[in-house]
Amino acid sequence: MESNIKLNPAFTGRATSSTLLINESVTRLWEEGEEILQMGFGESRFAVHPKLEAAMIASATQKSYLPARGLPRLCDAVAAYHTDKLALPISSRQVIIGPGSKALIFALQMALDADLFLPTPSWVSYRPQAELLNRSVVHIPSNVADNYRFDLDEFDRLVKAAGNRQKLLIINSPNNPTGQMLDEPFLRELAEYCRTERVLVLSDEIYFRIRHGQMRHCSIAKYYPEGTFILGGPSKHLSVGGWRLGVAIVPDTRAGVEVMAALEVIAGEIWASAAAPMQFAALTAYSGDPDIETYIDDCADIHGIRTRFLYEQLSVLGVHCTKPQGAFYVTANFDNFSAELARSGVRSSPELAKHLLERHAIATLAGDTFGIPEATLSLRLATSYLDMEKDGDSERLLGLFARGLGEEEFMSKAHHPKTHAAIEGVSDFLNSIEPLNECRLA
């Protein structure tokens, strides 16, 4: 008998998030005994800090529903924490807690009647969320040769051509998939533009504690507080992605109060409240405890050392990569090898990712997933799993880091065999498509 079920047209042709699919695929291959080098999925693999683990255990008996906006004490703690870290005055009335920042980003897009503007490249879920809400999405084009720099002139052209509907720009710094950060002078200029053109900004700062190098994190809310929504959570810098806890900070304005009321309606009708044990445990995460803060900084430094090493080694091989400044990603471009790859039947980023997985056992994520044109041979590479596949690996690396090893020794093949295997795999791949030359020696 034919079913009379009719699917919402917004879901026609849609698939599960590519980041989740690559993780599930590699996990399945591992379970089948395959040796796959995982650079397709980004998830911080450090152990949960002992104080946070103890807080979660102590919170296991918290079983009652909490207010839709979140545990009031946690809203207070989140406001105080971000006031300190971002050097911005933030009150608890601006804070809402949700089951992950992804859910809060979707809730904000639902609450705001606005068309979406996205820099290229951008994280994989921003666009699908907008399209599920039947919103227009405008990609701001960029150039790989210019390291995907945000082109403010191009943004202005697109804004002026878009008509009178409300506009929402999403920025993400440190950035997934490039690992780059937006510097303070640019953010000041962007803020002035958005204020003039009445463009709202959703600032995804989920990686703000994972910066490496000298550039400090700056929120655009410093220069555009009345039009900026800040998104974040502990998942990346405290390695608790599976805890599914996110925070959003709305402007401290009359309009911000209205948006918060809408978010409370959405929260009350969809998730009621984020899980109570997670919220009580998160009080420790946002307490500013010196031991936890030191741990966050140490983990960020290790992410930086590992990601810089991949960037430097791939650059030696002639692969153009974005220079990482935060998070644990680089975006690698293989257009230099397009003619040779075409002879091998590889003419797009999905075909390139498939080729590396099937022939070299290297899992990556194709650049078109992030809005980069498919014909551009770009891949996102994550460093967070390499040599940290198993529970306990992070303790080994933290121990080496605590010994004060130099970066060269820390990243030696003895300490990072999988990272070296991945780089050697890319070198073998490049050597397989063109004659060996001195630039390809790994």
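Read-outs throughout are calculated quantities, based only on the coordinates presented, and are distinct from any laboratory measurement. Model, not experiment: these values are computed from the prediction. Note that we place each Cβ from the backbone using ideal geometry, even for glycine, and neighbour counts take in every protein chain shown.
Data for the structure
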| quantity | calculated |
| --- | --- |
| Label assignment, Rg and Dmax of the Cα atoms in Å derived from the structure, set (1) 27.2, 84; (2) 61.6, 173; (3) 22.0, 69 | (3) |
| Of 430, 5, 420, farthest towards positive along the dipole that unit charges on Lys, Arg, Asp, Glu beta carbons give the chain | 5 |
| Net dipole in debye of segment 243-370 [+1 Lys, Arg Cβ; -1 Asp, Glu Cβ; about Cα centre; nearest 20] | 640 debye |
| Centre separation in Å (Cα based) which lies between segment 329-360 and segment 86-130 | 33 Å |
| Within the chain, longest stretch clear of exposed GluC sites (Glu not before Pro) (DSSP loop, no more than 12 other Cβ within 10 Å) | 36-442 |
| Inter-label distance, nm, simple model (7 Å from Cα along the C-beta direction), residue 125/residue 293 | 2.9 nm |
| Nearby lysines by direct alpha-carbon distance to residue 413 (threshold 20 angstrom, same-chain neighbours under 8 apart not counted) | 390 |
| Spin-label model distance (nm) - residue 136 vs residue 63, 7 Å beyond Cα toward Cβ | 5.2 nm |
| Highest to lowest packing among 326-334, 213-221, 61-69, scored as the average C-beta count within 10 Å | 326-334, 213-221, 61-69 |
| Full-extension gain in nm, residue 76 to residue 27, via 0.36 nm per residue minus C-alpha separation | 13.8 nm |
| 3J(HN,Hα) from dihedral phi, segment 250-266, Karplus parametrisation 6.51/-1.76/1.60, rounded to Hz, x for glycine, proline | 9, x, 8, 9, 4, 5, x, 4, 5, 5, 4, 4, 5, 5, 5, 4, 4 |
| Anisotropy class of segment 280-340 from Cα gyration tensor, a/c 1.5 cut | prolate |
| Sequence-distant residues sharing a close amide H with residue 169 (under 5 Å, placed H) | 117, 200, 201, 202 |
| Segment 64-288 shape via C-alpha gyration tensor axes, a/c threshold 1.5 | prolate |
| Centroid-to-centroid separation of segment 168-229 and segment 279-294 [C-alpha atoms, Å] | 25 Å |
| Of 159, 141, 180, farthest towards positive along the dipole that unit charges on Lys, Arg, Asp, Glu beta carbons give segment 64-288 | 180 |
| Sites residue 412 and residue 222 - FRET efficiency at Förster radius 30 Å, r taken between beta-carbons, to 0.05 | 0.15 |
| Rounded to whole Å, sorted largest first: equivalent-ellipsoid semi-axes of segment 115-216, Cα gyration tensor | 22, 16, 13 |
| Cα Rg, Dmax (largest Cα-Cα span) when computed across segment 220-307, Å | 15.8, 45 |
| Size of charge dipole - the chain - debye, nearest 20, with Cβ of Lys, Arg +1 and Asp, Glu -1, no other charges | 960 debye |
| Rg followed by Dmax, in Å, when segment 1-157 is reduced to its Cα trace | 20.8, 63 |
| Percent antiparallel among DSSP beta bridges (both partners in segment 64-288, rounded to 5) | 30 percent |
| When each of 51/236; 63/236; 102/236 is checked by Cα-Cα distance, pairs over 20 Å | 63/236 |
| Cα-centred dipole magnitude for segment 72-134, charges only on beta-carbon of K, R (+1) and D, E (-1), debye, nearest 20 | 200 debye |
